[in-house]
1. Looking only at the stretch 76-94, which residues are in contact with a helix residue (DSSP H, G or I) (Cβ under 6 Å, 6 or more places away or on another chain) and at positive phi?
2. Taking the stretch 62-75 as the region of interest, how many residues are at pLDDT 95 or above and surrounded by 16 or more Cβ atoms within 10 Å (Cβ to Cβ)?
3. Under the condition of being closer than 16 Å to residue 52 by Cα and in contact (Cβ under 8 Å) with a residue 40 or more places away in the chain, which residue from the stretch 81-108 is surrounded by the most Cβ atoms within 10 Å (Cβ to Cβ)?
4. For the stretch 133-168, name all the residues that are part of a loop (DSSP other than H, G, I, E, B) and over 22 Å from residue 37 (Cβ atoms).
5. Scan the stretch 64-106 for residues that are part of a strand (DSSP E or B) and within 18 Å of residue 155 (Cβ to Cβ) and jot them down.
6. Every residue in the stretch 117-133 that is at pLDDT 95 or above and in contact with a strand residue (DSSP E or B) (Cβ under 7 Å, 6 or more places away or on another chain), please.
7. Quick one: which residue in 117, 59, 78 is within 24 Å of residue 165 (Cβ to Cβ) and surrounded by fewer than 18 Cβ atoms within 10 Å (Cβ to Cβ)?
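The values are calculated or read from the model by the stated rules, or taken from the named source; none is laboratory data. Bear in mind that the values here come from a model prediction, so they are computed numbers and not experimental data. Glycine also receives a Cβ, built like all others from the backbone with ideal geometry; neighbour counts cover every protein chain displayed.
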């Protein structure tokens, strides 16, 4: 009897997991397809956003089915999401991050950058230098075993791969 009760739960879990992967794969494919229209590199986005504070993460993402370059910044204990126009490199919006998962992520990323000796832009440059022909899609710092490490997603040959670069 116990196994017959577990079967519906297992099926629901499998459906939930598989639908999550499908949505994730669709988002990733849309991002890869749209990424070619980006005239601004992730590194240029980091540089532009630095006017609003220290960049603590950055990513190209699909927002409402449109490509967007988003950079989280930290300044004086406050956080902001800076949207950089991916065709011109100008800041189009800077909004405070004050609650929810975005604030949790910003605090975590800021803590990782507090231990970093290498700026995110330099870490992305290093990752690209080791992977010729790639373009950076995102960079996110994290603390791993007490060390600051950047996880960098690179697009090369129509596929996204992740590399890690030590920041401290």
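1. 89, the sole residue that qualifies.
2. Residues that pass the stated criteria total 8.
3. 84
4. Within the stretch 133-168, 145, 146, 167, 168 meet the criteria.
5. 66, 67, 68, 69, 70, 71, 84
6. Matches in the stretch 117-133: 120, 123, 124, 126, 127, 128.
7. Only one candidate qualifies: 117.
Per-residue answers, yes or no, for (1) farther than 22 Å from residue 109 by Cα; (2) in contact (Cβ under 8 Å) with a residue 60 or more places away in the chain; (3) in contact with a helix residue (DSSP H, G or I) (Cβ under 8 Å, 6 or more places away or on another chain):
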residue	(1), (2), (3)
121	no, yes, yes
125	no, yes, yes
136	no, yes, yes
142	no, no, yes
148	no, no, yes
158	yes, yes, yes
165	no, no, yes
